[in-house]
Amino acid sequence: MKNLNDILKELKVTGISGDAERVITGVTADSREVKPGCLFVAVRGTKIDGHGFIGKAVESGAVAVICEQLPEALPGGVTFIAVDDSAAATGLAAAAFYDHPSRRLKLTGVTGTNGKTTIATLLYNMFDGLGYKCGLLSTVCNYVFRTRRDATHTTPDPVNLNALLAEMADQGCEYAFMEVSSHAIDQKRIAGLHFAGGIFTNLTHDHLDYHKTFDNYLAAKKKFFDGLTPEAFSLVNADDRNGSVMVQNCRASKQSFSLRGMADFRCNIVEQGFEGMLLKINGTEVWTHFIGDYNASNL
């Protein structure tokens, strides 16, 4: 449970109607998940506008509502909070409700068209193997330390995302690795998260059914790096010409990796066959059962 005022601290609130001191028992942007005492966030989605479900949420027991447009008739006993961007407000409210779990972990986000799942999973397995408690958020599955949780999206909705990160932090995890999809960036599902670093793999002409143009797709990915803090790191694939675009005006420290040219982390494939590859990464030989140039790049 959380005091509503504490949840609203980092939101850009444009107006409040009702009691801002009330206790909140949960946060959701899905009216079907509202329980008594909940804070409901009305989000304008790509297909459905959550403002149309405010009445249903109140009937189900919501005691506070965040929205961009206040209803004409305000029900008594419910606090209404007006904001300019309720999509971003969902992430910020969820992060506050769960005590900002991404600040209690070292969270690394992996974005790009291909390689996200492999890299995030390799990082999780490597850190786990080295004895660190960590978590994973991926397309295939999520792990809270070593407990598997089924995944439904590449990047979960902000409430479930913060709930999973809170579980990781509460169980003593030091690190978390997550795939960051372009849809999640564009829909502001990662709003309110604090990233220790971001990794860019590559960009191909996928997902244009959603983004419409390659420039829009590129811009969505770049927003992730634009949001990194000066204390964070960025690591980009120098073999993809969009890697340098990602870190233009990025405040984080900048590093690169490459199979083909100059980079901070340079990988050469010494030999490869059906049984695996011998790599040389910055002068150190590494044997792996993975095969293919793309996996050398992932490693």
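The values are calculated or read from the model by the stated rules, or taken from the named source; none is laboratory data. What you are looking at is a predicted structure, and each value in this text was computed from that prediction instead of being measured. Cβ sites come from the backbone with ideal geometry, for glycine too, and all protein chains shown count toward neighbours. Accessible surface is based on the protein model in full, side chains and every heavy atom, while ligands, DNA and RNA are left aside. Shrake-Rupley method; radii C 1.70, N 1.55, O 1.52, S 1.80 Å.
Below is a table of values for the structure above.
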| read-out | value |
| --- | --- |
| Residue within segment 66-79 that is under 24 Å from the mean Cα position of the chain (by Cα), surrounded by fewer than 19 Cβ atoms within 10 Å (Cβ to Cβ) and at positive phi present | no |
| Residues of segment 257-268 that turn out to be part of a strand (DSSP E or B) and closer than 30 Å to Ala219 by Cα, as a count | 5 |
| Those residues of segment 85-118 which are of a type outside the set (Gly, Ala, Ser) and either part of a helix (DSSP H, G or I) or in contact with a Lys or Arg (Cβ under 6 Å, 6 or more places away or on another chain) (or both), in sequence order | Thr90, Leu92, Phe97, Pro101, Arg103, Val110, Thr111, Lys116, Thr117, Thr118 |
| Residue in segment 84-92 that is among the polar types (S, T, N, Q), closer than 18 Å to Val23 by Cα and crowded, with 24+ Cβ neighbours inside 10 Å present | yes |
| Only listed residue being within 13 Å of the chain's Cα centre (by Cα) and open to solvent by 30 Å² or more (accessible area, probe 1.4 Å), chosen from Thr139, Thr155 | Thr139 |
| Filter result for the condition that a residue is out of contact with any helix residue (DSSP H, G or I) (no Cβ under 8 Å at 6 or more places or on another chain) and among the charged types (D, E, K, R), over Glu33, Glu10, Glu21 | Glu33 |
| Condition broken by Lys222, with the remaining ones in (1) open to solvent by 70 Å² or more (accessible area, probe 1.4 Å); (2) of a type in the set (Lys, Arg); (3) on the phi < 0 side of the Ramachandran plot satisfied | (1) |
| Conditions (1) within 24 Å of Tyr294 (Cβ to Cβ); (2) within 13 Å of the chain's Cα centre (by Cα); (3) open to solvent by 50 Å² or more (accessible area, probe 1.4 Å): number failed by Asn114 | (2) |
| Residue check for Asp170: over 23 Å from Ala89 (Cβ atoms) and modelled with pLDDT of 95 or more | yes |
| Qualifying positions in segment 191-239 - closer than 15 Å to Gly112 by Cβ, of a type in the set (Val, Ile, Thr) and modelled with pLDDT of 95 or more | Ile199, Thr201, Val236 |
| Filter pass, Gly52 being without any contact (Cβ under 8 Å) to a residue 12 or more places away in the chain, in a helix (DSSP H, G or I) and open to solvent by 20 Å² or more (accessible area, probe 1.4 Å) | yes |
| Conditions (1) open to solvent by 30 Å² or more (accessible area, probe 1.4 Å); (2) under 25 Å from Ser258 (Cα atoms); number of the one not met by Leu228 | (1) |
| Qualifying residues in segment 269-299 (those that are out of contact with any Phe, Trp or Tyr (no Cβ under 9 Å at 6 or more places or on another chain), part of a helix (DSSP H, G or I) and of a type outside the set (Ser, Thr, Tyr)) - the one surrounded by the fewest Cβ atoms within 10 Å (Cβ to Cβ) | Asp293 |
| Selection count, segment 111-140, where residues are of a type in the set (A, V, I, L, M, F, W, C) and farther than 26 Å from Tyr217 by Cβ | 4 |
| Within segment 234-256, considering residues that are assigned to a strand (DSSP E or B) and out of contact with any Gly (no Cβ under 8 Å at 6 or more places or on another chain), the one most open to solvent (accessible area, probe 1.4 Å) | Lys254 |
